[in-house]
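Take a look at the structure below.
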Amino acid sequence: MAILIDGKAVAAAIKDELKSFVEEKAKEGKHACLAVIQVGNDPASSVYVGNKKKACAYIGIGSESFELPGETTENELMELIDRLNADDKITGILVQLPLPRHIDPDKVIRRISPAKDVDGFHPMNVGALSIGEDCFVSCTPQGIMELLKRYDIETEGKECVVIGRSNIVGKPMAMLLLRGNGTVTVCHSKTRDLKEICKRADILVAAVGRPKMIDHEYVKPGAVVIDVGIHRMENSKLCGDVDFDDVMPLCSAITPVPGGVGPMTIAMLMKNCCKNL
């Protein structure tokens, strides 16, 4: 029977640990404050921003919210980021993606000070990650590594396959697994013999963006399967990139959707916010 990796429970434990940490740092006069910028009123983005503010309030981190109209210009957004970069009270800056089409997200990411880049997207932080230096790390891959650690799932010497090469998940995931001494293969839309490569994996991370694509034909018996995807089906139920019911009988451990990787992303954002206290 596969172990169900409970991201919701682990995230709750991490938040409690951070709450105690923040309380201790406050006694030393040290405080964290996250600035969250949202441009436009995308409903999903509004939910995510609300969840981040709730997490800050629970842990005891200050938060400032900047809800800008959709017609905000790129220059206006850059000016706000510059002000927040220069504000010593602000220790972390997050710009909620996606942005309206007229704003270049790459320019925005590069404008945030690497020292306040709690999303871990700035090229300087990505570069530091690639050479093993201390830095802000993208929250979802960092959360996956924390799940593996807390469930005593060893990465050293393991065959690890990551499906997806995005800058937010796939690439940093591969680098973190390498840092954990895994043997890593990154697959993508141009990969040949994808099923055969995946069936070699001791640890399979699915970040492909297609609902229920990964079925039993991709998974070797005893593998650990990490599902990064989240999709809303026609019946309004959520599912991941992995066909959970089909794959679970084969696995040694698996993350569910919802309640697996998702809650860890905000928990790791909070951890990043506390990093420099």
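Using the 10 angstrom Cβ neighbour count as an exposure proxy, how do T91, T255 rank, fewest first?
Details: T91 23, T255 28.
Starting with the residue having the fewest Cβ neighbours, the order is T91, T255.
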In vacuo Debye sum over C-alpha of the chain, base-10 log of normalised intensity I(q)/I(0) at q = 0.09, 0.15 Å⁻¹, listed in q order, is -0.43, -1.16
In whole Å, largest first, the alpha carbons of region 137-220 cover along the principal axes 29, 24, 20
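Full extension from L238 to N85: what is 0.36 nm times the residue separation minus their Cα-Cα distance, to one decimal in nm?
Details: separation 153, 0.36 × 153 = 55.08 nm, distance 3.72 nm.
Difference between extended and current length: 51.4 nm.
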Here the averaged projected area of region 197-277, based on the convex hull of its alpha-carbon atoms and given in nm², is 6.3 nm²
Put in order of increasing Cβ neighbours within 10 Å, starting from the fewest, S63, S113 give S113, S63
For K52, the aspartates and glutamates lying under 13 Å Cα to Cα, once residues fewer than eight places off in the same chain are dropped, come out as E64, D119
The lysines whose Cα lies under 22 Å from the Cα of K237, excluding any fewer than 8 residues away in the same chain, are K8, K212
Pseudo-spin-label distance S252 to N181, built 7 Å along Cα→Cβ, given in nm, is 1.6 nm
Using alpha-carbon coordinates alone, the radius of gyration and Dmax of region 29-113 in Å work out to 12.7, 41
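All of the numbers you see were taken from the coordinates with simple rules; none came from a lab. Predicted model, so just to flag it, every value in this text is computed and none were measured. Ideal geometry is used to build each Cβ from the backbone, glycine not excepted, and the neighbour counts take in all protein chains shown.
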